[in-house]
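Here is the structure we will look at, set down as structure tokens.
Only the coordinates and a few stated rules stand behind these numbers; no lab work does. Source: prediction; values computed, not measured. Heads up, the Cβs are rebuilt from the backbone with ideal geometry, glycines too, and the neighbour counts pull from every protein chain shown.
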Amino acid sequence: MKPDLPAPARAALDARGLRFGIVVSRFNEGITARLYAGALEALTKYGAEPGQVEAVQVPGAFELPVASLRLAKSGRVDAIIALGAVIRGETPHFQFVAEAATAGVTEVALATGVPVAFGVLTCDTLEQAEARAGAGAANKGYEAACAALEMARLFSERLAP
């Protein structure tokens, strides 16, 4: 970066005063429960308390966008964390669900202005999904929660309407 250009502003990972929604898919629950735990770990680490987090469960990744939309429109949250796991099978169903979840969650964020972090795994195997739902910062739920937190803080401090 040129010395005369300002450094881009980066929001702090500070959950105090912010509200979060977590929408988690029940399908592949052995993985999504671990993603959810990772998201809660991150939010707690950065100062969120139980009353600041609202969580709902939906049947599968396909339902993440509509539940995220309702939550975003409720006005109760500053950011949403969408969590799911789509694992490739023998049919093209994997691709349809993954694409619908991706496009839908993106549309929710763009239509409402509420940040929606994408914590949906799209893996070829169960082993790949398990590796991405491990402990600490390697957990994609943790990572998605950090992204949601950073965006919520950025919007509240720098990009408020």
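The packing ranking of peptides 111-121, 54-64, highest mean first, is 111-121, 54-64, where packing means the average number of other beta carbon atoms within 10 angstrom of each residue. Fewest neighbouring Cβ atoms within 10 Å first, the residues Tyr46, Tyr36 line up as Tyr46, Tyr36. Under the rule a/c < 1.5 gives rounded, and otherwise a/b versus b/c splits prolate from oblate, where does the chain land using the Cα gyration tensor? Since a/c reaches 1.5 and a/b is larger than b/c, the shape of the chain is classed as prolate.
The charge dipole of the chain, taken about its Cα centre with unit charges on the Cβ atoms of Lys, Arg (+1), Asp and Glu (-1) only, comes to about 400 debye. A dipole drawn for the stretch 48-161 from +1 and -1 charges on Cβ atoms has a positive end, and of Val66, Gln95, Ala129 the residue lying farthest that way is Val66. Relative to the longest principal axis of the Cα atoms of the chain, the long axis of helix 93-112 lies at roughly 20 degrees. Compared with the dominant Cα axis of the chain, that is its longest principal axis, helix 64-74 is turned about 30°. Measuring r between the beta carbons of Leu13 and Ala103 and using R0 = 22 Å, the FRET efficiency lands at 0.20.
Distance between the 7 Å Cα→Cβ label points at Gln57 and Leu126: 1.9 nm. For Lys45 and Gln95, a Förster radius of 30 Å and the Cβ-Cβ distance give a FRET efficiency of 0.30, rounded to the nearest 0.05. In this structure, the amide hydrogen of Arg26, modeled 1.01 Å from its nitrogen in the peptide plane, lies closer than 5 angstrom to those of Val58, Gly60, counting only residues at least 5 positions away or on a different chain. Restricting the stretch 36-113 to trypsin sites (Lys or Arg not before Pro) that sit in a DSSP loop and have at most 12 other Cβ atoms within 10 Å of their own Cβ leaves Arg76. Taking Cα atoms, how many degrees apart are the long axis of helix 29-45 and the longest axis of the chain, rounded to 10 and kept between 0 and 90? The answer is roughly 10 degrees. Cβ crowding within 10 Å ranks Asp78, Asp14, Asp124, Asp4 as Asp4, Asp124, Asp14, Asp78, fewest other Cβ atoms first.
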